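What follows is a short report on a single structure.
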Amino acid sequence: MASRLGRRQYWLDRAAAGEELAAQFAARLSMQGLRDKSATVVALPRGGVAVAAVMARKLGLPLTTWAVRKLALPSNPEFAIGAIAGGDVVLWDPEIFNELEKYPELREQILDVERRELLRRKRLFGDAPPDALSKRDLIVVDDGIATGLTVKAALLSLRQLSPSKLILAVPVVAAAALPGIRQLVDDAIVLVTVDNLVAVGCFYSSFDQLSDEDVLALLSSVNKPWQLG
């Protein structure tokens, strides 16, 4: 359960947020008539996997990952200026992109590095093949959304697969990002919406970065692996 500390709402860790999202989604499942066998939890690595693994176990749903990568300047790797995902989806912050137009070599360097990392993660974590996700209800999970660029890239990429429904489940979202995200999904379960969200990690007592090994361990811990049928 999320607990309120001071003026902010925190979760102990990503697993606690996943517990609360699972409870919210269980009620929504019955309301919308979604069938367990037609729904798949799709985690955005790395942090989203820790939330999604709990949801998948609690709901008895299959779990997979879907690689997506933030784009950032080498001089400021924490600040998102864009994102990429499968299906050749590339998003840029419009203002930053206008500046990058002056530096095409830098832009291509950023894209090349992140495309290679995207492919590495896709292979390592075993993203489900596109045809396995087509015509299914996809529940896309991340640990939080600040700018919205990476989750938008992932949603645009997954929409290319023609899912039956595309549903977002996330603990905390920046209020400014939410309207644009809602346009890309059929439904969204959001526990907390925040004005002026500076960092997603502020809403967790423990927010350690996950390693590749952590992600693989979480995926293997789910009692119903993603294989569909």
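Read-outs throughout are calculated quantities, based only on the coordinates presented, and are distinct from any laboratory measurement. Values in this document were obtained by computation on a predicted structure and should not be read as measured data. Using ideal geometry, Cβ is built from the backbone for each residue, glycine included, and neighbour counts are taken over all protein chains shown.
Descriptive notes on the structure:
- Pairs of alpha carbons in the chain separated by more than 33 Å make up 12% of all such pairs.
- For residue 81, residues with placed amide H under 5 Å, excluding near neighbours: 71, 72, 73
- Residues 204, 103 arranged by fewest to most Cβ contacts within 10 Å: 103, 204
- Per-residue Karplus couplings for the stretch 156-167, computed as 6.51 cos²θ - 1.76 cosθ + 1.60 with θ equal to phi - 60°, are listed in order as 5, 5, 5, 4, 5, 7, 6, x, 5, 9, 10, 10 Hz, Gly and Pro entered as x.
- Above-threshold pairs, the threshold being 22 Å between Cα atoms, out of 102/152; 58/165; 102/122; 70/152: 102/152; 102/122
- Annotation: the antiparallel percentage among DSSP beta bridges lying fully within the chain is about 35.
- Extension reserve of the residue 103-residue 217 stretch, reckoned as 0.36 nm per residue once the Cα distance is removed: 37.0 nm
- Amide H contacts of residue 140 (H built 1.01 Å from N, under 5 Å, at least 5 apart or other chain): 42, 167, 168, 169
- Calculated [θ] (222 nm, deg cm²/dmol) that DSSP helices of n ≥ 4 give over the chain, each run adding -39,500 (n - 2.57): -12000 deg cm²/dmol
- Spin-label proximity, residue 79 to the stretch 175-219 - amide N less than 19 Å from point 7 Å beyond Cα toward beta carbon: 177, 196-201
- The ranking of 155, 59 from fewest to most other beta carbons within 10 Å of each one's beta carbon is 59, 155.
- Cα centroid separation - the stretch 169-188 against the stretch 108-161, whole Å: 16 Å
- Spin-label pair residue 183-residue 132: with each label point 7 Å from Cα along the Cα-Cβ axis, the two points sit 3.3 nm from one another.
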